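Here is the structure we will look at.
The values are calculated or read from the model by the stated rules, or taken from the named source; none is laboratory data. The structure presented is a predicted model; accordingly, all values stated were derived computationally and were not measured. Virtual Cβ from ideal backbone geometry, glycine too; neighbours counted across all protein chains shown. Note: areas computed on protein heavy atoms with side chains; ligands, DNA, RNA excluded. Shrake-Rupley method; radii C 1.70, N 1.55, O 1.52, S 1.80 Å.
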Amino acid sequence: VQLQASGGGPVQAGGSLRLSCAASEEISSMNYMGWYRQYPGKQRDLVAAIQDDGATNYDDSVKGRFTISRDNARNTMTLQMNSLKPEDTAVYYCNARRFTIPYQNYWGQGTLVTVSS
């Protein structure tokens with residue numbers, strides 16, 4: 001499975017961006033999908049995740065500002081980011097997993113989000 005992330009770019013603080021992750025094949029069987037971000041020199045951290053039953057979870061720093069969703073019919077996952085802050089500046093990666101044997105774990109390429117104050 002190939003994941004293609006898009007939608008990053010420069011934005012001013014308080015603005016919005018919508019990230020998209022397009023999959024090369026059906027995502028309905030993906031048990032877990034998520035967005036992660038990585039600051040320079042740091043590890044990749046979870047921003048938001050959505051399970052196959054629609055359950056979501058968010059990092060505390062983005063609760064109330066970001067919304068994750070998935071569209072199985074279009075094989076896409078999105079991250080709506082509102083009220084952006086300079087500290088949201090990072091490279092964002094999409095991730096998809098099937099809890100099968102063997103375990104399947106896929107990453108998209110990163111998309112850079114730059115929030116200026």
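If I compute solvent accessible area with a 1.4 Å probe over the protein chains, what percent of it on the chain is carbon and sulfur?
That fraction is 48 percent.
Here the relative contact order of the chain, from alpha carbon pairs under 8 Å that lie six or more residues apart, stands at 36 percent. Applying the Karplus relation 6.51 cos²θ - 1.76 cosθ + 1.60 with θ = phi - 60° to segment 80-91 yields 3J(HN,Hα) values of 8, 10, 10, 6, 5, 10, x, 6, 7, 4, 5, 8 Hz, where x marks Gly and Pro.
Among the trypsin sites (Lys or Arg not before Pro) found in segment 15-98, those both in a DSSP coil and sparsely packed, with 12 or fewer other Cβ atoms within 10 Å of their Cβ, are Lys42, Lys63, Arg74. Applied to segment 44-52, the Karplus parametrisation 6.51 cos²θ - 1.76 cosθ + 1.60 on θ = phi - 60° returns per-residue 3J(HN,Hα) values of 7, 10, 5, 9, 7, 9, 9, 8, 5 Hz, with x for Gly and Pro. Considering only alpha-carbon pairs that sit under 8 angstrom and 6 or more positions apart, the relative contact order computed for segment 1-43 is 38 percent.
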